[in-house]
2 protein chains.
Amino acid sequence: MRFSHQREIILEILKEARDHPTADIVLNRARKKIPNISFGTVYRNLNQLEESNLITSYNFDGAHHYDGNLSPHHHFYCNKCSTIIDLPIDDPIISHELIQKFDLSVEGIELSLYGHCSNCK
Amino acid sequence: MRFSHQREIILEILKEARDHPTADIVLNRARKKIPNISFGTVYRNLNQLEESNLITSYNFDGAHHYDGNLSPHHHFYCNKCSTIIDLPIDDPIISHELIQKFDLSVEGIELSLYGHCSNCK
DNA sequence: TCATAAGTAGGAATAATTCCTACTTATATA
DNA sequence: TATATAAGTAGGAATTATTCCTACTTATGA
């Protein structure tokens, strides 16, 4: 993967973002710096960046959300305002015995909590 | 929500399924019993059944998977053969302190593990 | 048994994502 | 530094999953 201005901008947007943007939101932000960047370019680069483990992504409500925060963390999704809150991991969340029982090699974990955040109670 | 033959068949398919089918797979199975059931009917009923808490669903790899197993469970997703394995929940998986700290009301939890299953090592 | 509101089939519309093509650019190397 | 070339891009077409629309059918309460 060689250097490209478009990819740098997209990576920068995700490193700065705190709101887990979808592809079309990334496109809107990128257009502020590269006015005629295309949807194809955004999708291609998001996929490449994810394959190279420079960003990550996950699904919520049928939409694909991208994240430049690579430190392992959980997510809380507010069912009312759609806010996504990053939750730190500081407890073991699944037992070693269970993994052994099913004979799995676990390469990634994604825990999602759904409900109402403090603003929406 | 009143009785319909189509909805009964779709619910039956999901109650019998052990493979977390997507909407198009549900359609294929339903066609064996109702040859000209339509995509619209399948989607409408999947949404209605989920709203009525008779089935549940979750996203993997961008695809929407439906599940008639309502007992709370985790999922393991094999990155190689795409098998999905149901994992029982028998440990607390997140601390009460963390929930209190962020002042969340948690209504649902979804934990997904990714990796290779015993067949694919 | 009948009125009617809910449900259906079939296909059109929409939205998210990928694909295609001709043009542009980063970069290895001569 | 010049240049060949493979990777990247813009713009738009194609694809895919899902929802919407319309005229017809059916479950159900009275």
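The values are calculated or read from the model by the stated rules, or taken from the named source; none is laboratory data. Remember, it's a predicted structure, so these values are computed and weren't measured experimentally. Heads up: the accessible areas ignore ligands, DNA and RNA and are worked out on the full protein's heavy atoms, side chains in. Shrake-Rupley method; radii C 1.70, N 1.55, O 1.52, S 1.80 Å.
With a 1.4 Å probe and all protein chains in place, put A:Arg29, A:Arg18 in order of accessible area, largest first. Please report the intermediate quantities before stating the final value.
Values: A:Arg29 75, A:Arg18 185 Å².
Descending accessible area places them as A:Arg18, A:Arg29.
How many percent of the accessible area of region B:1-73 is carbon or sulfur, using a 1.4 Å probe?
Carbon and sulfur together cover 49 percent of it.
Roll a 1.4 Å probe over the protein heavy atoms and report the accessible area of B:Phe76 in Å², nearest 10.
Near enough 0 Å² of accessible area.
Could you order A:Asp24, B:Asp86 so the one with the most accessible surface comes first? Probe is 1.4 Å. Could the numbers behind the result be given before it?
Values: A:Asp24 75, B:Asp86 50 Å².
Heavy-atom accessible area, descending, gives A:Asp24, B:Asp86.
Per residue of region B:4-9, what does 6.51 cos²θ - 1.76 cosθ + 1.60 with θ = phi - 60° give for ³J(HN,Hα)? Whole Hz please, x for Gly and Pro, Karplus curve as stated.
Going residue by residue, I get 9, 4, 4, 5, 4, 4 Hz, with x marking Gly and Pro.
How many angstrom lie between the Cα centre of region A:36-79 and the Cα centre of region B:7-77?
What the calculation gives is 27 Å, centre to centre.
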